[in-house]
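Nothing in this text is a laboratory measurement; each read-out follows from the coordinates by a stated rule. All of these numbers come straight from a predicted model, not from anything done at the bench. Here the Cβ positions follow ideal geometry from the backbone for every residue, glycine too, while neighbour counts run over all protein chains shown.
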Amino acid sequence: MSALHKSVADDVVDSFDSDETVEQEAEFEKLSEILAIKETYIKEERLFTLDPSLIHPDPDQPRKHFEEEEVKALASSMDELKQHTPIKVYFSEKNQQIQIWFGETRWRAKRDYCQDKGVLCLLVKEPDEKTKYDNQVDENLQRSSFTVAEVLDITENYFDRYTEEGHEDVVNRVAERLKRPASEISRRLTIISAMKTNDELIGYSLRDVVVNRQLENMSALYFLASALSADSTERKKGPARDLVLQALKGEGSVTKAAAEQAYKQATGKAKLSYKWEPKYLEVSSKKQGNQASAEQVSNNESKGAADSTNSSPDNEGTVNGSAGEGQQPPVASKPKAPGRVLKSLSVDVLEDSEYLKLTANTGYITKDQALQLAENLRIAAESMSS
C-alpha cells in the first residue's frame, strides 16, 4: 500500500469497529493495488468493485440535484437485477482520489439504499476539464435531468468560455453546443443578467426563486426578468414584482401567461386591462318554476274555456274579459329578453395617466357582473398606486 493510501486508510479505519476495520482495510488494499497498476486497468478495461466510501463525486459536475425517488427506484432495481452497467471513474491527480465521471446516480443508490454496497467500476484516463464537463452536460441533457438553475449555470459557463476564447457570435455558438435555438439562449442570458442585478428584489429575490426551485418555468422566468429589467416606471413593474414575491413566498405557482402579462404592462406593450363578454340579464326563474307557470297557464286556459261554454247574458262582464268572482287572474307571460345586449366591457389603465377608462357598448349586465366590474376597478386602482 502506498504511503498516501496507508495514511488515508489509517484515518478511516480509526472510525470503525473491529469487523468493519477488516473490511475497510481490504477495500483500501484493493484500491492501492488498482492504483499501482492503473494504466493496465485502463488499457485492459478491467471491471472491479469498490466500496462507495472510496469513490468521490466530481465537485465540478454540472448536475447538482438528484431526485431521491429516482435514486431509490434505481437501488431497488439493482438489488433485484444487480448492477450491470459500471460507473466510469478516474484518478484525479489534483484531488488525489477516485472521482466519478459518469454514473453518480448509481453510486448514490449503492451508497444510500442498496443492500449490496459494492459499486461496479470502470477506470478510465483522467479527462481534461472541458471534455469531462461537455460529456457530463450531454449525458444529462439527453435525459432532461437538469433543473432550471443548472441549465442557467451551464448556459453561463459556455457563454463565458466562448467569450474568453474570443469566438464571434457567442450566442449562436452556445446554441449550437447545447442544441437549442439561439433565441432560447438569449432568453436564458436575460434571466442570468437579471439575477446578477445588485437589487434586493430584481437580483437577489429572483436568484433565490431560481436556486430554491420555486419557479421551474423558464418562459415565466424570462418574462419576469425582462419586466424587472425594463426601462420603465416602478408602477409599471409592480405586477412583475408581485409575481416574484408570490413565487418566493410559495403562494401558488406563477404561470407563463401571468408573467407575460406583467412583462407587457412593464414595457408599455399592453394596458392593465380586464375584459369579458357578459350575457344579457335573464328574467326567467328556475326551470321548476317555469314548468309550474306553464301548468298554471294550461289550467287557466281550460278553466276559461269551460266558463266560456257556461256563459250567459248574466255573465257578460266575465265574457268581455273582466275577472269575475272566484276566477283566477290571467298569468303574465315570461318577459322578453332586453333588446340591447352588452357584448363587451373593459377597464383599462391609461398610459402614463392616473385615470381608469371604462369602455362598454350600451346594454344590460347582471348583478354578479356588476360586482365583478367593481372588483376589477378596485384591483386596477391598487395597481396604479403601487
R0 of 51 Å, Cβ-Cβ distance Arg46-Glu164: FRET efficiency to nearest 0.05: 0.85
Spacing of the two label points (7 Å from each Cα toward its C-beta) at Lys130 and Lys256, in nm: 3.4
Calculated FRET value between Glu93 and Lys117, using beta carbons and R₀ = 30 Å, to 0.05: 0.65
For Ala182, net neighbour charge (Lys/Arg +1, Asp/Glu -1) across residues whose Cβ lies under 13 Å away: +3
Sparse-neighbour loop sites [GluC sites (Glu not before Pro); segment 201-264; at most 16 other C-beta within 10 Å; DSSP]: Glu216, Glu251
Rounded FRET efficiency, nearest 0.05, which uses the C-beta distance separating Ser219 from Leu245 and R0 of 25 Å: 0.85
Other-chain or far-sequence residues with amide H under 5 Å of Ser145's (modelled H): none
Counted charge near Leu245, where neighbours are those whose Cβ lies closer than 13 Å (Asp, Glu -1; Lys, Arg +1): -1
Segment Asp79-Thr197, length gained on full extension (0.36 nm per residue, minus Cα span): 37.7 nm
